[in-house]
Structure formats: C-alpha cells, structure tokens
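Below is one structure, written out as structure tokens, with a few remarks after it.
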Amino acid sequence: MGTLTQNGPLHGFEEQNLFSPELSTQKMQLGHISEYGSAPAGFQPGASKMWRNVVYKSIKIVIFSNKLNLLIPFGPLAIVVHILTGQNGLVFLLSLLGIIPLAERLGYATEQIAMYTGPTIGGLLNATFGNATELIIAIYALRNGMIRVVQLSLLGSILSNMLLVLGCAFFCGGLVFNGKEQVFNKATATVSSGLLLMAVMGLLFPAVLHYTHTEVHYGKSELALSRFSSCIMLGAYAAYLFFQLKTQKDPYIPLSEEGGQNEENNNDDDETPEISKWEAVFWLSIMTAWISILSEYLVDAIEGTSHTWNIPISFIGVILLPIVGNAAEHAGAIMFAMKDKLDISLGVAIGSSTQISMFGIPFCVVVGWIMGQPMDLNFQLFETATLFITVIVVAFFLQEGSSNYFKGLMLILCYLIVAASFFVHEDPPPEGKP
C-alpha cells in the first residue's frame, strides 16, 4: 500500500509531478477542449500531443506511482502457471498476490470519483466498490456450486473489516494523534451497529432452525426462510441508503463541536483529484474486469490448495481471501484516520461490513436462487457465533464515540484470535442439505 504519512501523498508519487505548472496548463487545455467538443482545426497537432501526455501521466499516476503495483505481474503469471502446470497451490498464491494491487487500485479509482460527488455519496462509493472484489469472487464460486466458499468469504470480509481494518485505523490514528482521543459521529455508528445486529438475526434463525430440527419441511423450510429473510434485508438496506442520502445530511462530515476535529485543519487537508472523473471511470472498469478474470482462477484453485497446503477451507475463505479483497478499505481507512477524519474511516470499515451483511450476503442468496443453487443463510453455528460476538464487541467499542491506539490494538488482537480459531476449525460435512 506504500508509505502512509499524515500530510504526504497517499500513493507515494511526488507532488511536484502532479501539481507542476506544466501539468496544470495541460489540464486546463484539456478541460477547454472537452467543454467545446473538439479543438479548432489549427490546434489538432498540439491537441494530439496533449492527449498523449495526459494518457502517459494517467498511466504514470495509476500504475507506476504505487510500489504495491509491483505485484501486478503475478496475475498474468498465475494464468501461465495454470495453463502449463496446473499446480493449484501455486496458482492460488499467484492469483492472490495479483489481485491485491488491483483491489487497492480499484479503491483508488473509487476515491477519485468520490472527490467529485461529496462526502455522503463518496463514503457509499468507497464501501460499494471496496466490496467489488469479494462479490466478484463470491459470484464465481456460486456459479461453480461452491456455496460454502461463498458463505465463508463473505463472513470473513465482515470480520476483517470490523476487526482488522477498523483496528488498524484506530491504532494508526491513535499513534499519529497520541495524547488525545479522536472522536466520530456516534449516531451514525449506532445506526450501523443496529444494521449489523439485524444481519446477525437473519443469519441466526436459519442456523437455529436447522440445528434444533424444528423445520416444518426438513431441508426446505430453512432455505425458504433464508430467501424470505434475504428479501427483507435487501429492503432494509435500500431504506438505509435512502436514509443516508436523503434524510440524514452528510453523516461523514467530521465533528467540530465536540473538539475532536478542527475545521481549519480539515480544510487544509482537502485533496485535489489527481485524475479526471472519466479517467477514474475508465480505470475502474479495467481493474474490475481484470479482477474478474483472476477471480475465476483463484476460485478454481481453492480446493486443491486446501489439500496441497493442508489448510482448512474455512481458514482460506474467512482469513486469506478477505485480506486480499479488503486491501482498498485497509488503505483508505488508515489514511483517513491518520488525517483525523475518523468519520470517513468508520464509514469505510463499518460501512463496508454493513453493506456485505445487509446487501452482499442477501444478494448472493437471491443470485443463487436464480442460478438454482441452494445458497442459504445457515452459516453453521461456529461461524454465526463468531459473527455475533464480533458485532457485540465492536458495538461496545463504538458506543463512546471516541477512539485511541489501545482500542485499535485490542481489535487487532481479537482478529488474531478469530484467525487462530478458524485455522484449527474443521468445516463439518454438509449433511441434511437438499
């Protein structure tokens, strides 16, 4: 993810290259040409040269400015290894490494678009496209009938965002602003915690129904309840979006009345977009397509990797896959926390967890319904209990509306306990499934 500093650029390229008079002049000329459709006939050669410079600088900013992009060649290498050798363990590892920079660049392109949309829509965009990697992997796994991998990867994404991403944001922000507590909008955090508890309820009842053997129609009532609950959860998430965008005004604006964030500092930290809106849309499309290609190879190699490495599939799904998918959230949440913009960090980390639990999981149930796959909300007792405890722990950490590095450290340690638990957890055979 490169070096993150409080006042320095996020992606490690030099400020003089981005904001030089030469580049500013080119951008102004480009905006002038775009506004009027095309350049005058006498300026066509200059315009062509200017377009080449803009394309070159866009590639330089997006591809060559971040040291993490050194991992991009591992993606094509994974495809070559799959074709030549078929070694699942190596293909999985290379695909995993290749997706990491793509997920981070996907988040970067989303951040650039968000700078043109405002804080509320920007926070939702960061959460939405930050979860694109997990949803792409889940749909490919669902298409291959790997329902358990879908459940585990989505569960792992929630756990990773709530414990690891939020913990690192609290920890790094607390270290930078040592000696004071950072504050955030407690009301917004309470709403998100409520949605997460509702998601736990949706996952809990199908599991309890299954393990108490109280289904009216064995093997069918559980699936029917899951599909009904998924539709309800999707409706609740749509209402939440309406609440965020229409009813509640700018929930991610940092607090000033409680003395936690200083408005003057926030104004000084306002960032200028480094690429244009359409450049960001173009790169967003490229990264999404490339992630989709690598996800297919990644999913196909999961079972073989589990046998080769002697690692439970549950550990691969809950721990390894989400670390890749959450690269964008991880970078963004830490960066905003180190700039004392903890509301945005919370919107990225908790907002992403809320979106996966209230939209991603129900969406996969509905897509599985369309595909004829019996995807349900029964995530098994161990996984459901882990999620329930995690939501309760995080809700307690958020109830005060403040954070420090010690709270972040505790969340990170909680994630290590969860990771160790899934490393020694053997997934039960799917008995009783239709």
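Whether any residue in the range 131-140 is over 20 Å from Ser353 (Cα atoms) and in a helix (DSSP H, G or I) is what I want to check. The answer is yes, given that some residue of the range 131-140 is over 20 Å from Ser353 (Cα atoms) and in a helix (DSSP H, G or I).
Within the range 54-69, the set of residues being of a type in the set (S, T, N, Q) and outside any loop (DSSP other than H, G, I, E, B) comprises Ser58, Asn69. Taking the condition among the β-branched types (Val, Ile, Thr), open to solvent by 10 Å² or more (accessible area, probe 1.4 Å) and within 20 Å of the chain's Cα centre (by Cα), does Ile392 pass? When the stated conditions are applied, Ile392 does not pass them. Leu377 fulfils the conditions (1) part of a helix (DSSP H, G or I); (2) touching a residue at least 12 places away in the same chain (Cβ under 8 Å) except for a single criterion, (1).
Here is a yes/no grid of residues against (1) in contact with an Asp or Glu (Cβ under 7 Å, 6 or more places away or on another chain); (2) closer than 14 Å to Ser153 by Cβ; (3) open to solvent by 10 Å² or more (accessible area, probe 1.4 Å); (4) of a type in the set (Asp, Glu):
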| residue | (1), (2), (3), (4) |
| --- | --- |
| Ser292 | no, no, yes, no |
| Ser306 | no, yes, yes, no |
| Phe315 | no, yes, yes, no |
| Asn326 | no, yes, no, no |
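Residues in the range 37-48 that are under 19 Å from Trp278 (Cα atoms) and part of a helix (DSSP H, G or I) were compared, and the one that is modelled with the lowest pLDDT is Ala47. Of all residues in the range 389-406, those satisfying the criterion of being under 19 Å from Gly351 (Cα atoms) and in a helix (DSSP H, G or I) are Ile389, Thr390, Val391, Ile392, Val393, Val394, Ala395, Phe396, Phe397, Leu398. Pairing residues of the range 210-234 that are on the phi > 0 side of the Ramachandran plot and at pLDDT below 85 with residues that are assigned to a helix (DSSP H, G or I) and not acidic (Asp, Glu), at Cβ distances under 9 Å and at least 6 apart in sequence or on separate chains, gives Gly219/His210.
The values are calculated or read from the model by the stated rules, or taken from the named source; none is laboratory data. Everything quoted here is computed from the prediction, not taken from an experiment. As a convention, Cβ positions derive from the backbone with ideal geometry for all residues, glycine included, and neighbour counts pool all protein chains shown. For the accessible areas, the whole protein counts, side chains as well, though only heavy atoms, and no ligand, DNA or RNA atoms are used. Shrake-Rupley method; radii C 1.70, N 1.55, O 1.52, S 1.80 Å.
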